[in-house]
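Quick notes on the structure that follows.
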Amino acid sequence: MDNRTMARLLEETADLLEIDGGDSFRVRGYRRAAEAAEQTTVDLTIAAADIARLLEIPGIGKSMAANLQAIVQTGTLPLREELLARYGAGVLELLKLPGMGPKTIALFWDAAKIANVDQLAEAIEAGRLASLPRMGPKQLDKLRKGIEDYRRSAGRFRIDFAEEEARRIAAYLLAFPGSKDARPESAAAEAADHAGFDTVTPAGSLRRGRETVGDLDLLVTGPACVPEHTAAAVEYVAGYPGIHDIIAKGENKVSFHVQGGLQVDVRLLPSASYGAALQYFTGSKAHNVVLRQRALKMGYTLNEWALARLEDGAMVASATEEEIYAALGLDWIPPELRENLGEIECAARHALPRLMEKADLRGDVHMHTTASDGRNSIREMAEAALACGYGYIAITDHSKALAMTGGLDEKRALEQIQRVRAVDREMEGRIRVFTGIEVDILGDGALDMDDEVLAQMDVVIASVHSRFDQSREETTARVLRAIENPYVRILGHPTGRLLLRREPFAIDIGAVLRRGAELGVAMEHNAAPERLDLNDRDLRLAKELGCRVVICSDSHDARNLGKMGYGLRQLRRAWLGPEDVLNTLGAEPFLAALRARPEGSGSASVAGNNLLELR
Ligand code: DGT
Ligand code: CA
Ligand code: CA
Ligand code: ZN
């Protein structure tokens, strides 16, 4: 079990204990332990063998050390099971609704024995909550909307969750005796009575880089995937320790749920048809349908086993995707593009775009430090960014309106500028450290910081963090007003969504992108896996409208710097290449390009002139 899962179990126990009206000191103990488990670099599963090692971890005392040991031994802890038996697993779902904390749940439980989302929805509709304290019509509407959002997203999982699970399963599969990773030398494998697995590839929506996945499709090949060995191989797959329950076990397929509810389909395939299977199970369905029609027109059939001739069934291609696409007269199509949005036509004309790659990224310009709600110092962020191979970063802490983050007021912002400049000098050109801020866009579109201070910063990101209840007209006007401010360089996470947790706020994103293009204000793609904002479709629209994009990690922790992979997949899904993304430029050209109008754009006043006037 990984540290993160252990942290989640402790956190859930804290929530359950609070719902139960438990002693607040005790609740805090569990929360602190959860935090410690999340943060520590010690592998807790290993450390649990020796209680002294657990006790060395700050935040872990004797009783929490015992709890960690219980988790490692049993997969859960006694108190959590006891409380779940009392309230039911449904209360954990209630906690996922926006605005629902343990205190509210306790209130609902005491008043109406509500213990899951369905019971809550029913109680709201029956008017049974209206008499409770602080449950006005507005509050109830919010809850109703939260339930709708929850039901819509139920059954899907975040890409980072799915990918981590895929990685764990792959590691387990590759340890199958006889597998490449497990066998000391290949001669031994041939001697082994069952041969192993060579390759595990995630297909489906995960391979296409979709922001959420419905289920995980894993394709496996290797010597064990031939008929005489699959029986033993299937048994090995079904022995994966993370399995919650097995859904189906076939000749060459195992489907199961893992803890947390994600469904996984594992298929074992001989290497001769691996390409055809990979092509088929990568999808999307829409892409495959058109591809199959194309095959038929050319006198072929295409299925998960092969591309074959219609007339006599003779095999044309099956071992690799490249061969299959080539036989259909197409260039190989990157999985992120396989949504039938024009990629097949482009591949036929050999005109697929060169897509963004990790190596194109030269800097990251949205991150937080201990000055607001980040975990690391400016210097630590700079060092971590250097290790990522970046040439520059910008330090963009929150502004004062976000009081709970310790956001900066004007005075502290000016001090922060000095500190950033000092670190920039200390780094002696190995990496540039730019000044900046993530300034809050207030309810009326004004910015949460004086222009004179913003004027002194290299990278001003303006973001909405409040008043998600405004109308589409209000929010659009608010954001448009904010980006008119001549010091704003980037609009941060433009739609405010939190994947599977909070819908984007209502906004006319087309109007914002058009104005952004005119003003030269770049749109952020916030690559944090819980945001991925702008989404792929809006990113594509941004490109069409001539609006430039900046991809940022929004790191609150040095360990998250460089975690751009999920975001990069979204840029690729939007057909963006390096020329569409500003932080593919070097440090100085990047700064110069911020707020410079894209070439050929219309009438807006030149930002540089504005700056001079205002100074
Ligand atoms: P998901 O799981 O909802 O995030 O989305 P996918 O794309 O992973 O869909 P899934 O798991 O149902 O199927 C995986 C791939 O298998 C899908 O992208 C295309 C292929 N596939 C599955 N069923 C069909 C089908 O009925 N027709 C065709 N053409 N392809 C299918
Ligand atoms: Ca899938
Ligand atoms: Ca599937
Ligand atoms: Zn933000």
Sorted by chain and number, the residues with a modelled amide H under 5 Å from that of ARG531, at a separation of 5 or more or across chains, are LEU499
For the chain the mean separation of alpha carbon contacts under 8 Å (6+ apart) over residue count, i.e. relative contact order in percent, is 9
In deg cm²/dmol, rounded to the nearest 500, the helical mean residue ellipticity at 222 nm of the chain, built from -39500 (n - 2.57) for every DSSP H run of length 4 or more, is -13000 deg cm²/dmol
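Please compute the contact order of region 275-348 in relative form: average sequence separation of alpha-carbon pairs under 8 Å and at least six residues apart, divided by the residue count, as a percent.
31
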Diffing region 563-568: the Karplus 3J(HN,Hα) column from phi (6.51, -1.76, 1.60, θ = phi - 60°), in whole Hz with x for Gly and Pro, holds 7, 9, x, 5, x, 4
Spelling it out for HIS493: with amide H atoms placed in the peptide plane at 1.01 Å from N, the residues 5 or more places away or on another chain with amide H under 5 Å from its amide H are GLU524, ASN526
Heads up, region 275-348 by the C-alpha gyration tensor (a ≥ b ≥ c square roots of eigenvalues; a/c under 1.5 rounded, else a/b over b/c prolate, else oblate) looks prolate
With a ≥ b ≥ c from the Cα gyration tensor eigenvalues, square-rooted, and the rule rounded for a/c under 1.5, otherwise prolate when a/b > b/c and oblate otherwise, the chain is oblate
Region 99-159 and region 454-512 have their Cα centres apart by a whole-number Å value of 28
Residues meeting the amide H criterion for ARG432 (H placed from the backbone, H to H distance under 5 Å, 5 or more places apart or on another chain) are TYR392, ILE393
The ³J(HN,Hα) series, computed from each phi in region 228-243 with the Karplus coefficients 6.51, -1.76 and 1.60 at θ = phi - 60°, rounded to the nearest Hz and given as x for glycine or proline, is 6, 10, 5, 4, 5, 5, 4, 4, 5, 4, 5, x, 4, x, x, 6
A correct Karplus calculation of ³J(HN,Hα) over region 8-23, with 6.51 cos²θ - 1.76 cosθ + 1.60, θ = phi - 60°, whole Hz and x for Gly and Pro, returns 5, 4, 5, 5, 4, 5, 4, 4, 4, 5, 5, 4, 6, x, x, 4
Note: LYS253 to ARG86 extended length (0.36 nm per residue) minus current alpha-carbon separation gives 56.4 nm
The exposure ranking of HIS257, HIS465, HIS368, HIS525, fewest beta-carbon neighbours within 10 Å first, is HIS257, HIS465, HIS368, HIS525
Expressed in nanometres to one decimal, the distance between label points 7 Å along Cα→Cβ at ASP312 and GLU410 is 8.5
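I need the calculated FRET efficiency for the pair ALA359 and ALA455, taking r as the beta carbon distance and R₀ as 35 Å, to the nearest 0.05.
0.55
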With Rg from the Cα atoms and Rh as the Kirkwood inverse mean 1/r over Cα pairs, region 3-153 has an Rg/Rh of 1.06
Here P(r) for region 389-450, Cα-Cα distances in 10 Å bins, as whole percents, is 23, 44, 25, 8, 0
Least to most buried among ARG497, ARG152, by other C-beta atoms within 10 Å and fewest first, runs ARG152, ARG497
Placing each pseudo-label 7 Å from Cα in the direction of the beta carbon, ARG134 and GLU530 end up separated by a distance in nanometres of 2.1
A correct fewest-to-most ranking of VAL234, VAL549 by other Cβ atoms within 10 Å would be VAL234, VAL549
For LYS400, the lysines lying under 22 Å Cα to Cα, once residues fewer than eight places off in the same chain are dropped, come out as LYS411
Heads up, region 335-452 by the C-alpha gyration tensor (a ≥ b ≥ c square roots of eigenvalues; a/c under 1.5 rounded, else a/b over b/c prolate, else oblate) looks oblate
With the 8 Å Cα cutoff and a minimum separation of six or more residues, region 391-446 has a relative contact order in percent of 49
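A short reminder: the numbers here are calculations on the coordinates, not readings from a lab. Treat the numbers as computed from the prediction; the structure is a model and nothing was measured. In this analysis, Cβ positions are derived from the backbone assuming ideal geometry, glycine residues included, and neighbour counts consider all displayed protein chains.
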